[in-house]
Amino acid sequence: MYDNRNFLRTNLFSWLKHLPLEMGKDGLVIVYTGNGKGKTTAALGMALRAIGYNHKICMIQFIKGSWPYGEMESAKRLKPELEWVVSGKGFVGIIDDKSPREDHQKIAIEAIQISKEKIQSAKYDIVILDEINYAINLGLVSIKDVLDLINSKPANLNLVLTGNHAKKEIIEVADLVTEMKEIKHPFKSGIKAKKGIDF
């Protein structure tokens, strides 16, 4: 009996082998949102894949600040392909945050300016605006400023926005939107955050 699946598989791989690696040069706007874990992790996974092609990536953190995270140490090992910019003062209004809201807002606005410079520099293949959706939701930056960033990006730049509470205006202009949905979380069972898994 003729195996149609095998025929498709063989011919598809043969076709893919002849495609140029630069297929689809126009950059995308990508959003990772939702209440589930994995938004920053997904963006970092994309960065790791891109580095395999010698692409240049810049990641700008809007919220997490100077907290010690494993990915900050990993980023040092991935230089010069990955540039890491920490611009937040940490989580806003939770855990041990003692900073005035005005300080958070001032630094977030500075991060918008840094993002604009990185986006328009023509140095990167991917720019990741980590936790920027939270920054919008918390009122630290305006939706207009973020839409202006998106509209100012060069045609071949991939722009990634992470964080929960992505606004509908962001979703509408994005090419790819993935919502992480929490089904279960160990914290609700009393299991604390783990090194290498959560931070």
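Which residue out of G45, G93, G139 is of a type outside the set (A, V, I, L, M), closer than 28 Å to K194 by Cα and at pLDDT below 95?
None of the other options fit; the residue is G93.
List pairs: first in the range 125-140 and closer than 17 Å to L28 by Cα, second hydroxyl-bearing (S, T, Y) and assigned to a helix (DSSP H, G or I), Cβ under 6 Å, 6+ apart or cross-chain?
L129/S115; D130/T40
The values are calculated or read from the model by the stated rules, or taken from the named source; none is laboratory data. Keep in mind that this is a model prediction, so the values were computed, not measured. Cβ sites come from the backbone with ideal geometry, for glycine too, and all protein chains shown count toward neighbours.
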